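Okay, so here's the structure we're looking at.
Values quoted throughout were computed directly from the atomic coordinates according to the rules given, and no laboratory measurement underlies them. All of these numbers come straight from a predicted model, not from anything done at the bench. Note: ideal-geometry Cβ built from the backbone for every residue, glycine included; neighbour counts use all protein chains shown.
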Amino acid sequence: MGLIADLWGALFGGGRNVVRETAEVFIENAEARGRRAAELRATAMAQFAAEFGQPPRGRFDRFMDGLNRLPRPALALGALGLFVAAMVDPLWFAARMQGLAVVPEPLWWLLGVVVSFYFGARHQAKAQDFQRDLAATMARAPAVLHNLAEIERLRDEAADLAGGDSDPNPALEEWRRRRRAAAAVG
C-alpha cells in the first residue's frame, strides 16, 4: 500500500499535478485560454474608451461650442444673401453698398484682423488637437505592433496544428521562421 501512496503522492502531491502539467503540453488549458481572452477583451475595451471616450460636457461648454460654430456659416450665408439681395432689389443693394463705400479703410483693416485672428486661433486650436490625437495614436503603436505579432504567432501555431506534420514543407517552414524572427526584432 505504501508504494501506491508514494506513486499517488508523486503524481498529485506537493501542490503539483503531473498528469495535468503533462496534458497541458499537448492540449491548451481552457481556463488559461479564457483568462487570456478576457484580458484581450478588457485591453481592447480600454483602448476604445481611451480613443472615443470624452468627459461629459456641461451646458455652458455646449453653448460656447455652438456659438463658436456660428461665424463661418454666418459669413457664408451672408455672402450668398448679398447675391440674392442684389438680384431681388438692386436699388436697396446699391444703397447698402454705397454705405460700405464710406467706411474708413482702418476700420476695414480692423475687421480683417479680427476675422483673421478668430479663424487663425480656431485653426491653431484644431491643429493642436490633431497633433495631440496623432501623438496619442503613435504612443499606442508599439502595443498594436506587439498584438499583431502575437496574432500572427497564434495564426502560425493554429496552421501548424491544423496542417499537422504529415507533409512538411521546408520552404514554408523557412518562411515562417523568418517571419517570427522579423516579428521578434520589430
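Let me have the 222 nm mean residue ellipticity of the chain computed from DSSP H runs of 4+ only, each contributing -39500 (n - 2.57), with the sum over all residues rounded to the nearest 500. Mind dumping the intermediate values first?
Working: 8 runs with 158 residues, N = 186.
-29000 deg cm²/dmol, from helical runs alone.
Subtracting the Cα-Cα distance from 0.36 nm times the residue separation, let me have the gained length for Asp65 to Leu134 in nm, one decimal. Can you show the working numbers first?
Numbers: separation 69, 0.36 × 69 = 24.84 nm, distance 2.25 nm.
Length gained between Asp65 and Leu134: 22.6 nm.
Helix 170-185 versus the longest principal axis of the chain: what angle, 0 to 90°, nearest 10, using Cα atoms?
Tilt of helix 170-185: around 60 degrees.
Suppose the Debye formula is applied to equal point scatterers at every Cα of the chain; what is log10 I(q)/I(0) at q = 0.09, 0.10, 0.12 Å⁻¹?
-0.73, -0.80, -0.94
Dividing the alpha-carbon Rg of the stretch 59-102 by 2.2 N^0.38 Å yields what?
Working: Rg = 15.2 Å, N = 44, 2.2 N^0.38 = 9.3 Å.
Output field value: 1.64.
Please give the helix 105-163 orientation as an angle from the longest Cα principal axis of the chain, in degrees from 0 to 90, rounded to the nearest 10.
That helix lies at roughly 20 degrees to the long axis.
So how far apart, in nm, are the two label points at Leu75 and Ala127 if each is 7 Å from Cα heading toward Cβ?
Once both label points are built, they end up 1.6 nm from each other.
Using the Cα centre of the chain as the reference point, and only Cβ charges (+1 on K/R, -1 on D/E), how large is the resulting charge dipole? Debye, rounded to the nearest 20.
Numbers: 23 positive and 22 negative charges, 182 e Å.
Dipole magnitude for the chain comes out near 880 debye.
To the nearest 10 degrees, how steeply does helix 90-101 sit against the main Cα axis of the chain, on a 0 to 90 scale?
That helix lies at roughly 90 degrees to the long axis.
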